[in-house]
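The values are calculated or read from the model by the stated rules, or taken from the named source; none is laboratory data. Please read these numbers as outputs of a predicted model, since none were measured by experiment. Here the Cβ positions follow ideal geometry from the backbone for every residue, glycine too, while neighbour counts run over all protein chains shown. The accessibility values were calculated without ligands, DNA or RNA, using every heavy atom of the protein model including side chains. Shrake-Rupley method; radii C 1.70, N 1.55, O 1.52, S 1.80 Å.
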Amino acid sequence: DDFYAWGVQTGKPLMVSETGSVEDPSDAGRKAKWLAQAANSIKSAMPAVRALVYFHSDRDCPWWLDSSPESLEAFRDISRDPHFAPSV
């Protein structure tokens, strides 16, 4: 909360510099749901955050963004959301 409050005082848009999730073998749609919920939570609780960077790696486990068609589509939805992709 303190860091967010400090960031808001700068008057500049904020960014989550690294986020990600892996698939849940017991729930095929869980990662896609997580992505949607994360975006909605950020928009409502931290509206000054205007950008998300997804951690796309296979170093320790498969953090790929396109690990399922549903996950890729959920992230595409975020990229089309006017909050995160305002028209220029």
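Applying the Karplus relation 6.51 cos²θ - 1.76 cosθ + 1.60 with θ = phi - 60° to the range 17-28 yields 3J(HN,Hα) values of 7, 6, 8, x, 7, 9, 5, 9, x, 8, 8, 4 Hz, where x marks Gly and Pro.
Using a 1.4 Å probe on the protein heavy atoms, what percent of the accessible area of the chain belongs to carbon and sulfur? The C+S portion of the solvent-accessible surface of the chain is 56 percent.
Each label point was placed 7 Å from the Cα along the Cα-to-Cβ direction; for VAL22 and ASP1 their separation is 3.3 nm. Remark: the chain carries 70 Å² of accessible area per residue (probe radius 1.4 Å; ligands, DNA and RNA excluded). Look at the alpha carbon pairs under 8 Å that are at least 6 residues apart: their mean separation over the length of the chain gives a relative contact order of 33 percent.
Taking a point 7 Å out from the Cα of ALA51 in the direction of its Cβ, the residues of the range 1-19 whose backbone N falls within less than 13 Å of it are 12-18. Counting only aspartates and glutamates at least 8 places from LYS43 when in the same chain, those with an alpha carbon closer than 18 Å to its own are ASP1, ASP2, GLU18, ASP77, ASP81. Value of Rg to Rh for the chain, rounded to two decimals, is 1.01; Kirkwood radius and Rg both from alpha-carbon coordinates.
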